[in-house]
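Here you go, one structure.
The values are calculated or read from the model by the stated rules, or taken from the named source; none is laboratory data. Here the structure is a predicted model, which is why all the values come from computation and not from measurement. Here the Cβ positions follow ideal geometry from the backbone for every residue, glycine too, while neighbour counts run over all protein chains shown.
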Amino acid sequence: MTNERSYRRPSPLRVHFFDPIARFMIGWGLAPEGDSQDGSGMRILEVRGRKTGRWYQRPVVVAAVDGRRYIVSLWGESQWARNLRANPAAKLRFGSRIEPFEGHELNDEEERAGVLLAICRKYPSIFRRYFKVDPKQVTLEQARELATRYPVFRTEVAAVDRVQGKGDPDEAPAPMREAS
């Protein structure tokens, strides 16, 4: 494992086939664990582009740990992570429900490692699939190494006007055009 953040480009199959299907299912409220009591599950992240100012959509998994919700950039230093870092005001969508939030990146490596370890124990399939480690045998040291490569954001409820920011408040998000 390397200690620098990098970006693993998703396959064209994921970008052009799986992501649109996931956005469709989440948009219609058909995604797994969408109505969970703790607010976890698949959501559509809507974030403003840091250069264009346009809204972009990306399917993400929201993980609930100790009463707080987190989003991990499973592909590394992705465009949505860079956009959320530049402008923390964003939205999470499930079905017709839109939830404005502010994303605050966890900058402390120990805190990120602790959150990643908790996510590993609660959602083992994520670690197995994306991080290529055995969730039953992951150590704190491995979680620290992963924490150096994957951005983690804590979600906090935000006012609607803060999220809408500049531009037309009724403006619909643009279709996803930016690679994650």
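How many of the residues in region 30-60 are assigned to a strand (DSSP E or B) and in contact with an Asp or Glu (Cβ under 9 Å, 6 or more places away or on another chain)?
Matching residues across region 30-60 total 8.
May I pose another question? Among the residues of region 34-78, count how many are surrounded by fewer than 17 Cβ atoms within 10 Å (Cβ to Cβ) and at positive phi.
3
As an exercise: evaluate D168 against (1) acidic (D, E); (2) in contact with a Ser or Thr (Cβ under 9 Å, 6 or more places away or on another chain); (3) modelled with pLDDT under 80; (4) more than 15 Å from N87 (Cβ to Cβ) and give the number of the one condition it does not meet.
Condition (2) is where D168 drops out.
Please go through region 136-165 and give me each residue that is closer than 15 Å to P100 by Cβ, modelled with pLDDT of 70 or more and not in a strand (DSSP E or B), ordered by number.
Once the filter is applied, which keeps residues that are closer than 15 Å to P100 by Cβ, modelled with pLDDT of 70 or more and not in a strand (DSSP E or B), region 136-165 yields only A158.
For the condition of a type in the set (V, I, T), modelled with pLDDT of 80 or more, under 16 Å from the mean Cα position of the chain (by Cα) and closer than 15 Å to A81 by Cα, what is the one hit in I26, I44? Reasoning before the result, please.
Values: I26 fails: closer than 15 Å to A81 by Cα.
It is I44.
Name the single residue that is nearest to T52 (Cα to Cα) among those in region 100-137 being free of Cβ contacts under 8 Å to residues at least 24 places away in the same chain and charged (D, E, K, R).
Top of the filtered list is D108.
Please find, within region 71-106, the residue that is nearest to R144 (Cα to Cα) out of those that are more than 11 Å from the chain's Cα centre (by Cα), modelled with pLDDT under 95 and part of a loop (DSSP other than H, G, I, E, B).
If we take residues in region 71-106 being more than 11 Å from the chain's Cα centre (by Cα), modelled with pLDDT under 95 and part of a loop (DSSP other than H, G, I, E, B), then E77 is nearest to R144 (Cα to Cα).
Considering (1) surrounded by fewer than 22 Cβ atoms within 10 Å (Cβ to Cβ); (2) under 15 Å from the mean Cα position of the chain (by Cα); (3) more than 27 Å from I21 (Cβ to Cβ), say which one R121 fails and leave the rest.
Going through the list (1) surrounded by fewer than 22 Cβ atoms within 10 Å (Cβ to Cβ); (2) under 15 Å from the mean Cα position of the chain (by Cα); (3) more than 27 Å from I21 (Cβ to Cβ), R121 breaks only (2).
May I pose another question? Of the numbered conditions (1) modelled with pLDDT of 90 or more; (2) assigned to a loop (DSSP other than H, G, I, E, B); (3) β-branched (V, I, T), V133 satisfies every one except a single condition; which is it?
Single failed check for V133: (1).
Going through region 36-70 one residue at a time, which ones are free of Cβ contacts under 8 Å to residues at least 40 places away in the same chain and among the acidic types (D, E)?
Residue satisfying the conditions is D38 alone.
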